[in-house]
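Quick notes on the structure that follows.
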Amino acid sequence: MIGGDSETMAANGLSGHTDWLVGGTLGGAIGAVAFGIVMWLLDPNVLSA
């Protein structure tokens, strides 16, 4: 059962450094979009500068 866990993880998704890279990229993109929306709602002139 010990070896079955890692094989299942590798078969169902990304593993190793690729997982961190994809997660960081998606998190950064979603955070940037959310921050842009908040800035636009608070002061639209900031984005035009």
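Going by what's in this entry, would LEU47 be described as at pLDDT below 85 and part of a loop (DSSP other than H, G, I, E, B)? First the steps, then the outcome.
Working: at pLDDT below 85: yes; part of a loop (DSSP other than H, G, I, E, B): no.
Here the answer is no, as LEU47 does not meet what is asked.
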Taking only the range 1-32 into account, find how many residues are surrounded by 10 or more Cβ atoms within 10 Å (Cβ to Cβ) and either modelled with pLDDT of 70 or more or in contact with a Pro (Cβ under 9 Å, 6 or more places away or on another chain) (or both). 15
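The values are calculated or read from the model by the stated rules, or taken from the named source; none is laboratory data. Quick caveat: nothing in here was measured; it's all calculated off a predicted structure. With ideal geometry, Cβ positions are generated from the backbone for all residues, glycine too; neighbour counts draw on all protein chains shown.
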